[in-house]
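Colleague: Have a look at the structure that comes next, please.
Readers should treat all values here as calculations from the given coordinates under stated rules, not as data from a laboratory. Not measured: the values here are computed from a predicted model. No Cβ is skipped: glycine too gets one built from the backbone with ideal geometry, and neighbour counts run over all protein chains shown.
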Amino acid sequence: MKLRGLYAITDSHLLDGKLLKYVEAALEGGVTLLQYRDKSSDEARRLREAEALRDLCERYNTRLIINDDAELAARLNVGVHLGQTDGPLSPTRALLGRDAIIGSTCHAQLDLAEQAVKEGASYVAFGRFFNSNTKPGAPTCSLDLLDQARSKLHLPICAIGGITLENAAPLVAHGVDLLAVVHGLFGAESTAEVTRRARAFNELLKV
Ligand SMILES: Cc1ncc(COP(=O)(O)OP(=O)(O)O)c(N)n1
Ligand SMILES: Cc1nc(C(=O)O)sc1CCOP(=O)(O)O
Ligand SMILES: [Mg+2]
C-alpha cells in the first residue's frame with residue numbers, strides 16, 4: 001500500500017463544534033490518512049466521533065487512524081498511532097491484523113524507528129520540526145535525521161510538528177512521504193480555506 005500524501009490530524013479544541021464539517025472539507029481537498037486525536041477520557045463521545053469519522057472516511061476512500069487507543073481502533077476496524085508510552089507495537093499488530101495501518105512516534109531517534117520497523121509498524125513519525133501550537137513541548141527533530149532515516153528505512157516516513165504550507169517543502173525534499181498537520185490545516189477561518197490548504201499540501205508531495 002502506498003502511503004504518501006497529507007496526514008490530517010484532528011484536535012478536539014480547535015475543531016470544537018465543527019469537527020465533521022472541517023474534516024469533510026479536508027477530505028474534499030484530498031487526505032491520505034486521517035487521525036482522530038482526542039486526549040479526553042469521554043469514552044462515549046470518543047466512540048461517537050470516531051464512528052462518524054470512519055463513515056466519512058469510507059465515503060472519501062481515506063484511511064482512519066485512532067490516536068493512542070488500540071482497543072477503539074480494533075472495535076472500528078481501523079488503524080492506530082502509538083507513541084512511545086501508548087503500549088507495545090507487536091501485540092497491537094496481532095490484535096489489528098496484518099492489513100491495519102499502525103504508526104509509531106519515533107521523535108528524533110533512528111533507533112526507535114528501526115525497532116518500530118522490526119515490530120511491524122506501517123510508518124514511522126519524526127518530529128517536531130517547527131514550533132507547534134498543538135504540542136509546543138515536543139522534542140525537536142532535524143532535517144539531517146530525515147536524511148539518515150531515508151537512507152536506512154524502507155517504509156513510509158511521516159513528519160509532524162508545526163508544519164504549514166510555507167515550511168513543508170524542505171521536508172518533502174528530505175524524503176518525507178506523509179505530512180502530518182493539525183493547525184496548519186484546520187486552523188483556518190473557513191471550510192473553503194481548509195480544502196484549499198489540503199489541495200496545496202498534496203501538490204507539494206507530487207514530486
Ligand atoms: C503522525 C503522528 N506522529 C506523532 C504523534 C505523537 O504521538 P505521541 O507521542 O503518542 O503523542 P500524542 O499525540 O498521543 O499526544 C501523533 N499523534 N501522530
Ligand atoms: C501531536 C504531535 N506530536 C508531535 C511530535 O513531535 O511527536 S508534534 C504534534 C502536534 C502537531 O500539531 P501541529 O501541526 O498543530 O503542530
Ligand atoms: Mg500518543
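Colleague: Given the Cα-Cα distance of GLU166 and GLU203 and 0.36 nm per residue of separation, how much length would full extension add, in nm?
Modeller: 12.0 nm
Colleague: If you don't mind, another one. For region 3-203, how many pairs of lysine residues have a Cα-Cα distance under 22 Å, where the two are 8 or more positions apart or belong to different chains?
Modeller: For region 3-203, qualifying lysine pairs total 5.
Colleague: One quarter of the convex hull surface, Cα atoms only: what value does that give for region 3-203 in nm²?
Modeller: 10.1
Colleague: For ASP16 and LEU110 in the same chain, what is the full-extension length gain: residue separation times 0.36 nm, less their Cα-Cα distance, in nm?
Modeller: Extending this stretch completely gives an extra 30.3 nm.
Colleague: Still on this structure, please answer the following. How high is the FRET efficiency between ASP55 and SER151 when r is their beta carbon distance and R₀ equals 30 Å, given to the nearest 0.05?
Modeller: Once rounded, the FRET efficiency stands at 0.15.
Colleague: For an R0 of 45 angstrom, estimate the FRET efficiency from the Cβ-Cβ distance between ALA173 and ALA44 and round to the nearest 0.05.
Modeller: That pair, ALA173 with ALA44, gives E of 0.55.
Colleague: What list of ³J(HN,Hα) values in whole Hz, one per residue of region 10-15 in order, does the Karplus curve 6.51 cos²θ - 1.76 cosθ + 1.60 (θ = phi - 60°) give from phi, with Gly and Pro shown as x?
Modeller: 7, 9, 5, 7, 4, 9
Colleague: So, one more: Could you sort 146-152, 69-75 so that the peptide with the highest average Cβ count within 10 Å comes first and the rest follow in order?
Modeller: Descending packing order for the listed peptides: 69-75, 146-152.
Colleague: Grab the beta carbon distance between LEU143 and LYS118, set R0 = 22 Å, and tell me the FRET efficiency rounded to 0.05.
Modeller: 0.30
Colleague: Which of THR92, THR140, THR195 has the fewest other C-beta atoms within 10 Å, and how do the rest follow up to the most?
Modeller: Starting with the residue having the fewest Cβ neighbours, the order is THR140, THR195, THR92.
Colleague: Hey, another quick one. Relative to the Cα centre, what is the charge dipole magnitude of the chain, using +1 at the beta carbon of each Lys and Arg, -1 at the beta carbon of each Asp and Glu, and rounding to the nearest 20 debye?
Modeller: 360
Colleague: Along region 67-82, what does the Karplus equation 6.51 cos²θ - 1.76 cosθ + 1.60 (θ = phi - 60°) give for ³J(HN,Hα), rounded to whole Hz, x for Gly and Pro?
Modeller: Taking θ as phi minus 60°, the curve returns 7, 6, 10, 5, 5, 5, 4, 5, 4, 9, 6, 10, x, 9, 10, 10 Hz for region 67-82.
Colleague: For a footprinting-style exposure proxy, rank LEU56, LEU27 by other Cβ within 10 Å, fewest first.
Modeller: Arranged by neighbour count, lowest to highest, LEU56, LEU27 become LEU56, LEU27.
Colleague: Using only Cα atoms, locate the centre of region 114-179 and the centre of region 1-64, then give the distance between them in Å, rounded to an integer.
Modeller: After rounding, the separation between the Cα centres reads 20 Å.
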